[in-house]
Each structure stands twice: as structure tokens, then as C-alpha cells.
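J.: Questions regarding the structure given below will be posed in turn.
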Amino acid sequence: MTRRLETPERYHFGTSIRPLLVPKFDPCARFTGDDLWLAARTPDGPATLHLARAGTDLVATGYGPGEQWIVDRADAIAGLRDDLTGFADLAAANPLIKRLARTFAGVRMPATGLVFRSVLRAVLEQKVTGKEAHRAYRLICSKLSEPAPGPVELMLPPDPEVIAATPYWVFHPFGVEQRRTQALQRAAVVAARLERCADSAEATKQLTALPGIGPWTAAEVVRVAYGDPDAVSVGDFHIPNTVAWALAGEARGTDARMLELLEPFRGHRGRVCDLLAYGGLGAPKFGPRMPIRSFARF
């Protein structure tokens, strides 16, 4: 299955698809600079999507039983369904956001349409450093899944049924303690229902009804699964400070203050947070970094 995708002016391929990949090394995806390989469990079965540059366009090629589904979804995965309606007017009211929106005009928000894939990563990233979370993700995908279809060596994301049926002690050597394991397994049990959610609002409601999954995790999921530009990661360690510093010159901010400052951008609040990150803006640091721990040794 092959499909050619037209891209908008100044479209930035790498930055747009960056949220789909775990940094350093992702067993389920690969980006070379010119093309993306992405393995997925689609509603029609396992599949691998290849997105390759072709001049100013992209060529999408699918492999495996779910190739039709993933090629049909390729434009959304590349961020080409991202709707920026009204954002230019909102951004114009703030000189910093206006400048960032112009600088990163080619960046689009992807929407995979795959909920549990994002749940796995978001739950693992709860309350730990990125290095801890990404190591656990790599080990789980490598040990609890199987190879993806297609000509490159990728692993499929784990089957939710496998995650739900795996005893906790298997996750412990991966560096995942019981609290996150249980949250992940609760989501795995109802994964089929989560995948049927019509939009990000319904998915957020169902996700936050699960013990161990709060607004931060839900926002991290729906921003990638649905391309929700308004999803704000309430409860994040860094983002409230970043928003307070960038928009009000305040070195520290609470969730309440962050939401207050983002309110003028409602409908695109998550997009504004992303722009601040792309611009490298961050609040001053006054303390040591969070230490990297190993739950496997506890």
C-alpha cells in the first residue's frame, strides 16, 4: 500500500513526528532524517508505516495486515490533519507566542489514532526521570512483544492482553514499581474500549476514571493519539514554571497560575506549551536535578 501526501508550506517533518519516538532509541520506531519507520498495532492487525520525503511531499507505504489502516491514517500521523484554525489570531496577542508561531510555522501535531500505544509511554513517564522511563519502555517493548512486519527490524508495541496478563515481578527488573505497573495493567484491561473513544474528551474521561491515571497522563496521551492542541499536562514538574517564566517573568508557577496564563490561548493551550519547548524556553533552575534511581534494585 502506497500513498502520496502533500505537505503545507514550510512543513517540518522531523519536528512534527518527534513526539512519536522515544529519545535515543525506540524499538518501535526509527527516524533517519529523511524517513520514518513506525510499527503499530492497528484495529486491523500489526502494521509498519514508512514515511519518506519525496521532494516537498511525503510517500506513505504500509506493511502487514494493518497496512490499509495505517496508510489511510498516514497524513494524521505526519501531522497533516492538524487544524490551526484561529491560532494565528490568538498568537498575535502575545509578541513571544507570535514570534514562536512564526518560527515554528512548519511544525504540525501528529494524531496516531492509537490510544494504548501512548498510554504505555505516558504511564512509564509518571514521576520519574526521562532516562528511567525510556529505559523501561525499551525493555518492555523488546521483551514483551514480537517483531513488526516490513523490511526493517522493529518491534511492535506490546499487546495490551500481554501487559494485562504479565505478573508484576516481570516488570520490576525493567525498573517499574508496582504503582505504575498496576496503572498500566488497568488501562490494558480496558484497552479495546479506550481505542473506541470518539475524541480526546471521551478518552480523557475514560482514562482519568482509572486509578493511577490522572490529568497529566491523560493529556500526554490525547495530545499524541488525537492531536489535541488544547491538552495541557497539569501536574508536570517543569511546564508550570516554564509557562510562568515565559508569559509573566515569574521564576516559579503553580498549575493554577499556568492555566490562568494559558487561558487566552484556549483551544490551543497545549500547542503554546509545545512552542515554548521548541523555543528552548525554561525557567531558572535553583536546585539539583532529580536523581536517576533503579527500582529494579529496591
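The values are calculated or read from the model by the stated rules, or taken from the named source; none is laboratory data. None of the values given here were measured: they were computed from a predicted structure. Glycine also receives a Cβ, built like all others from the backbone with ideal geometry; neighbour counts cover every protein chain displayed. For accessibility, only protein heavy atoms count, side chains too; no ligands or nucleic acids. Shrake-Rupley method; radii C 1.70, N 1.55, O 1.52, S 1.80 Å.
J.: Note down the relative contact order for the chain as a percent, whole number, built from C-alpha pairs under 8 angstrom at least six residues apart.
T.: Relative contact order here is 17 percent.
J.: Still on this structure, please answer the following. Just to be sure I understand: with springs between alpha-carbon atoms less than 10 Å apart, which residue in T48, T61, T103 has the highest mean-square fluctuation in the Gaussian network model of the chain?
T.: Maximum fluctuation in the GNM of the chain, among the listed residues, is at T103.
J.: Further question on the same structure: Test of understanding: in a Gaussian network model of the chain with alpha carbons linked when under 10 Å, which of A231, A183, A60 would top the mean-square fluctuation ranking?
T.: Comparing A231, A183, A60 in the GNM, the peak value goes to A183.
J.: Given axes a ≥ b ≥ c from the Cα gyration tensor, I'd like to know whether segment 159-226 is rounded (a/c under 1.5), prolate (a/b larger than b/c) or oblate.
T.: It is prolate, given that a/c is not under 1.5 and a/b is the larger ratio.
J.: Sticking with this one: Mind checking the per residue accessible area of the chain for me, 1.4 Å probe, whole number of Å²?
T.: Roughly 47 Å² per residue, with all protein chains present.
J.: Still on this model: Can you tell me, using C-alpha contacts under 8 Å and at least 6 residues apart, the relative contact order of segment 159-261 as a whole percent?
T.: Reported relative contact order: 16 percent.
J.: Same structure, new question: Roughly how many debye, to the nearest 20, is the charge dipole of the chain about its Cα centre, given +1 on each Lys and Arg Cβ, -1 on each Asp and Glu Cβ, and no other charges?
T.: In total the dipole reaches around 980 debye.
J.: So, one more: Could you order the peptides 123-133, 217-227 from most to least packed, using the average number of other C-beta atoms within 10 Å per residue?
T.: 217-227, 123-133
J.: Over what distance in Å are the Cα centres of segment 211-258 and segment 7-69 separated?
T.: Here the answer is 26 Å between Cα centres.
J.: With all protein chains present and a 1.4 Å probe, how do H238, H268, H172 order by accessible area, largest first?
T.: H238, H172, H268
J.: What shape does segment 234-278 take by its C-alpha gyration tensor, where a ≥ b ≥ c are the square roots of the eigenvalues and a/c under 1.5 counts as rounded, a/b above b/c as prolate, and the rest as oblate?
T.: rounded
J.: Once Lys and Arg get +1 and Asp and Glu get -1 on their Cβ, which of P173, G212, G66 lies farthest toward the positive end of the dipole of the chain?
T.: In the chain, that residue is P173.
J.: A follow-up question, please. With a 1.4 Å probe and all protein chains in place, put W216, W169 in order of accessible area, largest first.
T.: W169, W216
J.: Assign one of three labels to the chain, namely rounded, prolate or oblate, based on the Cα gyration tensor with a ≥ b ≥ c the square roots of its eigenvalues; rounded applies when a/c is under 1.5, prolate when it is not and a/b is larger than b/c, and oblate otherwise.
T.: Oblate, because a/c is 1.5 or more while a/b does not exceed b/c.
J.: Here's something else I'd like to know. Could you check how much of the accessible area of the chain is carbon and sulfur, as a whole percent, using a 1.4 Å probe?
T.: Answer for the chain is 55 percent, counting heavy atoms of protein chains only.
J.: Another question, if that's okay. Say we join alpha carbon atoms closer than 10 Å with springs in a Gaussian network model of the chain; which of T15, T42, T112 then has the biggest fluctuation?
T.: Greatest mean-square fluctuation among the candidates belongs to T15.
J.: Where Lys and Arg each count +1 and Asp and Glu each count -1, what net charge lies around V170 among other residues with Cβ under 14 Å from its Cβ?
T.: +1
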